[in-house]
Every structure is written in structure tokens, then in C-alpha cells.
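This report refers to the structure that appears directly beneath it.
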Amino acid sequence: MAEHTLGRFDHEAVVVAKNIIDDSHFTIMFRPHDSVRFIPGQYVSVVLDGMRPAPFSIASSAETGDIELGIGVHGTVTTALRDTPVGTKVVLRGPFGRFTLGDEKKVCFLSGGVGITPFASMLRTLRDTSGATDAVLLASAKHRRQFLWADEFLALRSPLRVVFTLTQEHDPLLHHGRIDAAFIRAQVPDFAERTFYACGPAAFIDAVFVALAELGVSPERMRKEAW
């Protein structure tokens, strides 16, 4: 890492772990030199030498000191991060963002692909703090390997629950199909009592918001983070 002046929101950190899922997906863990306090759902920008800062949602619990990211490879910065060795020093800028959990008692998270990342932070924090929030995650992806923390989340206990559905690959242990009104109604019978948070590609957000409207969910109970 080249020497430069740190800004107000900059934190020096080192890569301490990395898990390559496939050529297009990986997780990476940073250990900041100082404490980085964040609210689940927020993001940090990773600053690599000679590259534009790139924002990524935080996946780790707010109760831990490390910062974990789940990343889909789709450009120069994400490719460079995938190839960054453990032990490399970087700068994390942030945290930023307002896509954070409110004080609702019952929520439903809807994710498409790596849009699962901010919900990973929310679920892990609720688990680690024994939070009373009743949270259900409906996660959609093309392939099972895109569910970056599948085994961990399937082991969650009430009042936290995760349902995975695949849109292309078939897995006898998982659901198959898109998250539409029928799927939401079947998996979340008390949907009328919940606030919905959605994260994923713009087309995914548009589709699930149409589904929620079909179910009569008011716009005041829909929140989103899209790219």
C-alpha cells in the first residue's frame, strides 16, 4: 500500500482471510488497525493503490472487530481484490449508508445474488445479540454456490429463518423458482405484518416490488438497496 494521508473516514486494514467460491464469487476478511463501528446494512469502500474506491456492503456482525465482504467479480477492482494475497494492507473508507434495520418487530429480507451481503450482517448481528426481531430472509440466486454463507444461515434458530431458492440450478434440498407473490405468500404467511427490505440488481428489485404490491404491501413497508 502506497503511503498517503488518511482521510476522516479512512481506516488502515490488512487482509486476514479469503475464500474463493469460484471465478466470479469470493469472500474476503479485513482486520482494521483501529475500531470500525458500523450499523448492519452499511457499506465501506475499499481503496487499492491506483484504483478508484469501490463500495461493498459489510457482511460481518457488528459485534466482531473484523470486516467481511461478499463480492461478485465484474470488473477491474473486484478482480484485483479477488487476487489480493492475505497479508496485503489496504484502506477501508466508511462506513456509510442508510440501508439499515429499523425498530420493526417483524421483517422480511429479499435478496438477489450477492444482494444477500447486507442481510448477512443484519442476521449475524441479531444472532450475536440475541435480538428479539423476527426476521425471515428469502434469498434468490442462479446457482447454489452464490449463497456465500448457506450452511451458516441454514443453521440459524428462531426467530431467524432463511429460505434459499434457485432460478437456474436444481438442488433437491432447496427451492426452485423466482421470488414472486406466490412464493412470498407460501414462505411468509404473515407477510401483512412485516416490513420488507430488498437488495439486489435493479431488475430484481423491480420484480419483488411488483410482487409485494400484488400482495397489498404498502410502499411505506418496502425498503430497497439496488445497483
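Please find, among 178, 144, 223, the residue that is touching a residue at least 40 places away in the same chain (Cβ under 8 Å) and of a type in the set (D, E, K, R). Explain how you work it out, then say what you get.
Details: 178 fails: touching a residue at least 40 places away in the same chain (Cβ under 8 Å); 144 fails: touching a residue at least 40 places away in the same chain (Cβ under 8 Å).
The unique qualifying residue is 223.
Quick one: is residue 91 among the β-branched types (Val, Ile, Thr) and in contact with a Phe, Trp or Tyr (Cβ under 8 Å, 6 or more places away or on another chain)? Give the derivation first.
Details: among the β-branched types (Val, Ile, Thr): yes; in contact with a Phe, Trp or Tyr (Cβ under 8 Å, 6 or more places away or on another chain): no.
Here the answer is no, as residue 91 does not meet what is asked.
Check the stretch 172-183 and report whether any residue there is among the charged types (D, E, K, R), touching a Lys or Arg at 6+ places or on another chain (Cβ under 8 Å), farther than 18 Å from residue 57 by Cβ and not assigned by TED's automatic domain parsing to the domain that holds residue 26. Before you say what the answer is, go through the steps one by one.
Initial filter on the stretch 172-183 (among the charged types (D, E, K, R)): 178, 180.
Cutting the leftovers down to touching a Lys or Arg at 6+ places or on another chain (Cβ under 8 Å) gives us none.
So far as the stretch 172-183 goes, no, none of its residues is among the charged types (D, E, K, R), touching a Lys or Arg at 6+ places or on another chain (Cβ under 8 Å), farther than 18 Å from residue 57 by Cβ and not assigned by TED's automatic domain parsing to the domain that holds residue 26.
With respect to residue 221, is the statement that it is closer than 15 Å to residue 107 by Cα and under 20 Å from the mean Cα position of the chain (by Cα) true? Outline the logic, then answer.
Numbers: closer than 15 Å to residue 107 by Cα: yes; under 20 Å from the mean Cα position of the chain (by Cα): yes.
Yes: the conditions hold for residue 221.
Identify the residue in the stretch 62-82 that is of a type in the set (Ser, Thr, Tyr) and under 25 Å from residue 100 (Cα atoms) and, among all such residues, is modelled with the highest pLDDT. Walk me through how you get there before you give the answer.
As a first pass, look at the stretch 62-82 and keep what is of a type in the set (Ser, Thr, Tyr): 64, 76, 78-79.
If we keep only those that are under 25 Å from residue 100 (Cα atoms) as well, we get 64, 78.
Details: 64: 93, 78: 97.
Step by step, filter the stretch 62-82, then rank; the result is 78.
The values are calculated or read from the model by the stated rules, or taken from the named source; none is laboratory data. If you're wondering where the values come from, they're calculated on a predicted model, not measured in any experiment. Positions of Cβ are generated from backbone atoms using ideal geometry, with glycine treated the same way; all protein chains shown enter the neighbour counts.
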